[in-house]
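Below is one structure, written out as structure tokens; the observations come after it.
The values are calculated or read from the model by the stated rules, or taken from the named source; none is laboratory data. Keep in mind that what you see is a predicted model, and the values were worked out from it rather than measured. Cβ atoms come from the backbone with ideal geometry, glycine included; neighbour counts cover every protein chain shown.
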Amino acid sequence: MQGKIIRIHSDFYYVDTEKGLFEAKLRDIIRKAKNHPYVGDDVVLESVDENSGQAFISELLPRKTVINKPKAANITQALIVSALKSPDLDFEQLDRFIAYCEYNKIKPVLCFNKDDLDDFSALREQITEIYKLYDIIFTSALLKTGLEDLLPTLKNNTTLLCGCSGVGKSSILNALFDNLNLRTKKVSGKTQKGVHTTRHCELIKIDENTFVVDSPGFSNLTFDFLLPSEVQKLFFEFKSLKEKCKFKDCTHINEIECAFEHLRSSISPTRFESYKKFVGEAKKFKERIKVSTQKIEDKIKYNLNKNITKISSRKRQTSRKQDKQNLWKENYNEE
Ligand SMILES: Nc1nc2c(ncn2[C@@H]2O[C@H](COP(=O)(O)OP(=O)(O)OP(=O)(O)O)[C@@H](O)[C@H]2O)c(=O)[nH]1
Ligand SMILES: [Mg+2]
Ligand SMILES: [Zn+2]
């Protein structure tokens, strides 16, 4: 029997099937495999144990998409929710979410909530200008405005709602769909930050082809898993430039004679600031790789100087090239 994981609580996986909802555990073969199932995954469910009533997931079916923060599979787009106020709009955090979606090849749609808290005309204009290449929706979950723009966007998609805590992800879903009753909670009076009300990702079926995933708010995305020259791929501002800059590893930040030299002032200052920060984080990753590779090289050199007796191929030291590749893979696939 096949089904879709809608919720995960520690070792328990809740799987929606044509015969109803099952609480399942992972078969050893899946548990020992590297990639564990996520919410949104299609899985094969083994027949339920008659005595204990326990079901088991025995196979993870191929994924169309996957995202590790928050953990979700098979989503077709992400609704990045920000609040215009309470908590204040944080452009850098927004850029982090957008860049992370771009990295995972998931279409971002931008939602700006709590539109009722003030007159945001100037801020709205600024947002529309900066993010003109993305779909933008302004909402108030409280007054239920903007929902008419949101509904058609969600239709026939599996949409992950993500963003910082307290911006109103669960409130938006409650406002859109009756009877959901997702838990929501006031932002802290002192810090004006969310209090992490939603604790787990949850896939909610709206109709046969429409799903939404509510997720816990977070704000600790860092770009320490890719190379500095790759960060530009996550910013639409640089995409049109691809072929034009003659320097292979150019970050386009301050290099002279870089194709972007004259265009730097045309990119929005907040976007450029975010870009520079992410490149900085990626540089640390590059350093880490360099240091680890050096350590391996030193070890190999040391071993080569020793008189090593022949050992079976199974136990033999991996080649330097292989070592580098493994190290690269390890770092690159890191969450
Ligand atoms: N004024 C106003 N308040 C809102 C709106 N949307 C949500 N809120 C309030 O903001 C607070 C946080 O909303 P939640 O829906 O819990 O936020 P969340 O993004 O799900 O937060 P986490 O689950 O912690 O990630 C609640 O007190 C909501 O009532 C809105 O459009 N306008
Ligand atoms: Mg929530
Ligand atoms: Zn350049």
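Looking only at the range 222-245, which residues are modelled with pLDDT of 90 or more, in a loop (DSSP other than H, G, I, E, B) and more than 16 Å from the chain's Cα centre (by Cα)? First the steps, then the outcome.
Looking only at the range 222-245, we keep the residues that are modelled with pLDDT of 90 or more, and these are 222-228, 230-236.
Remaining after also requiring in a loop (DSSP other than H, G, I, E, B): 222-227, 235.
Leu227 - this is the single residue of the range 222-245 that is modelled with pLDDT of 90 or more, in a loop (DSSP other than H, G, I, E, B) and more than 16 Å from the chain's Cα centre (by Cα).
Answer yes or no as to whether Phe112 is within 12 Å of ligand 1 (Cβ to nearest atom), of a type in the set (Phe, Trp, Tyr), modelled with pLDDT of 95 or more and surrounded by 15 or more Cβ atoms within 10 Å (Cβ to Cβ). Even if it seems obvious, please write down each step before you answer.
Details: within 12 Å of ligand 1 (Cβ to nearest atom): yes; of a type in the set (Phe, Trp, Tyr): yes; modelled with pLDDT of 95 or more: yes; surrounded by 15 or more Cβ atoms within 10 Å (Cβ to Cβ): yes.
Yes; evaluated as a whole, the condition is true for this residue.
Every residue in the range 246-286 that is within 14 Å of ligand 3 (Cβ to nearest atom), under 26 Å from the mean Cα position of the chain (by Cα), surrounded by 13 or more Cβ atoms within 10 Å (Cβ to Cβ) and of a type outside the set (Ser, Thr, Tyr), please. Give the derivation first.
First, pick out the residues of the range 246-286 that are within 14 Å of ligand 3 (Cβ to nearest atom): 246-264, 267, 272, 275-276, 279.
Next, only the ones that are under 26 Å from the mean Cα position of the chain (by Cα) stay: 249-253, 267, 272, 275-276, 279.
From the residues that got through so far, the ones that are surrounded by 13 or more Cβ atoms within 10 Å (Cβ to Cβ) too are 250-253, 267, 272, 275-276, 279.
Correct list: Cys250, His252, Ile253, Ile267, Phe272, Lys276, Val279.
Can you pull out every residue in the range 139-169 that is of a type in the set (D, E, K, R), surrounded by fewer than 19 Cβ atoms within 10 Å (Cβ to Cβ) and in contact with a strand residue (DSSP E or B) (Cβ under 9 Å, 6 or more places away or on another chain)? If you could, list the steps in order and put the result at the bottom.
First pass over the range 139-169, keeping only residues of a type in the set (D, E, K, R): 144, 148-149, 155, 169.
Still in the running and surrounded by fewer than 19 Cβ atoms within 10 Å (Cβ to Cβ): 144, 148-149, 155.
Hits for the range 139-169 are Asp149, Lys155.
Would you confirm whether or not the range 228-240 contains a residue that is away from ligand 3 (no atom under 16 Å from the Cβ), of a type in the set (Asp, Glu) and surrounded by 15 or more Cβ atoms within 10 Å (Cβ to Cβ)?
Looking through the range 228-240, none of the residues is away from ligand 3 (no atom under 16 Å from the Cβ), of a type in the set (Asp, Glu) and surrounded by 15 or more Cβ atoms within 10 Å (Cβ to Cβ).
Would you mind telling me which numbered condition in (1) surrounded by fewer than 20 Cβ atoms within 10 Å (Cβ to Cβ); (2) under 27 Å from Pro152 (Cβ atoms) Val81 fails?
(1)
One line per residue, one yes/no per condition, for (1) more than 15 Å from the chain's Cα centre (by Cα); (2) surrounded by 15 or more Cβ atoms within 10 Å (Cβ to Cβ); (3) modelled with pLDDT under 95; (4) not assigned by TED's automatic domain parsing to the domain that holds Tyr103:
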| residue | (1), (2), (3), (4) |
| --- | --- |
| Asn181 | yes, no, yes, no |
| Lys186 | yes, no, yes, no |
| Gly189 | yes, no, yes, no |
| Gly194 | yes, yes, yes, no |
| Cys201 | no, yes, no, no |
| Ile204 | yes, yes, no, no |
| Glu208 | yes, no, yes, no |
| Asn220 | no, no, yes, yes |
